[in-house]
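So the structure is just underneath, and the comments pick up after that.
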Amino acid sequence: MLTGSLTISDKYDYLSDKFAKVYAFLRENDLAALPVGNIQLDGNDIYAMVQSYTTMGPDECKFESHRNYFDLQYVVEGEELFGYAPVSTLEPCMEYDPNRDLIFYNEPELSGATILKAGDFAIVAPEDGHAPRRMTANGPCPIKKIVVKIKI
C-alpha cells in the first residue's frame, strides 16, 4: 500500500536506490530470526529498528509524523491496525522533537486505516500522519515489526 497526493507526486521516488536497498534487505534476510534492536543499513541514511510489542487501543497509540525520514513499516508476525491521516489535517499535541524526529497529534475526528498482516508494509512520508501499534477488532496481538527509517 502506498498512498499520496498528486500535489507531491513528483517529490519522492519510491523506486530510488535507497528504497531498493530496503526492499532487498527485507527480501534477503530471515526477518523472524532478527533480534530486537537497530540494524544499520547505510549509516544514518537508512537503518532498521526491529520491534516486538503487543498492539493496543487508540488511546495508547497517538498519531505521529517525522520530518527527516520516511518510515517503511513491515509486519513480520501478527497484525495491526495502521491509522493514516494527512499531517495537514492533524492538530499537534506536543512540540516537534528534532532529536527524535517526532511529533505526536491529537486523535483526529476523521482518519483512515488499513490492517497490516505478516508480509505487509506501509510507507509514510513526512506529509503522512500515521498511528501504528493499534489493535484490530480481533483484540491485542503480539507483533514483530521492522520499521526502516529512510532519510529524505
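Read-outs: derived from the displayed coordinates by stated rules, not from any lab. Here the structure is a predicted model, which means the values were calculated and not measured. When we count neighbours, we look across all protein chains shown, and the Cβ atoms used for this are built from the backbone with ideal geometry, even at glycine.
Rounded, prolate or oblate: which one fits the stretch 6-151, using the alpha carbon gyration tensor with axes a ≥ b ≥ c (rounded when a/c is under 1.5, else prolate when a/b beats b/c, else oblate)? Judged from the Cα gyration tensor, the stretch 6-151 comes out oblate (a/c at least 1.5, b/c at or above a/b). Checking every one of the trypsin sites (Lys or Arg not before Pro) in the stretch 4-70 against DSSP loop status and a limit of 14 other Cβ atoms within 10 Å picks out K11, R67. For the stretch 35-52, 3J(HN,Hα) computed residue by residue from phi via the Karplus equation (6.51, -1.76, 1.60; θ = phi - 60°) reads x, 4, x, 9, 10, 7, 9, 7, x, 7, 6, 8, 8, 10, 10, 7, 10, 9 Hz, glycine and proline entered as x. Remark: the T7-Y96 segment gains 29.6 nm on full extension, using 0.36 nm per residue and subtracting the alpha carbon distance. Model label points for N44 and A20, set 7 angstrom from Cα along the Cα-to-Cβ axis, are 2.6 nm apart. At a Förster distance of 25 Å, what's the computed FRET efficiency of R27 paired with Y53, Cβ-Cβ distance as r, to 0.05? Rounded to the nearest 0.05, the efficiency is 0.55.
Of all DSSP beta bridges confined to the chain, the antiparallel ones make up roughly 95%.
In a DSSP loop and with at most 11 other Cβ atoms within 10 Å, the GluC sites (Glu not before Pro) in the stretch 1-100 are E95. The count of lysine pairs in the stretch 6-151 that are at least 8 places apart or cross chains, and whose C-alpha atoms lie under 17 Å apart, stands at 7.
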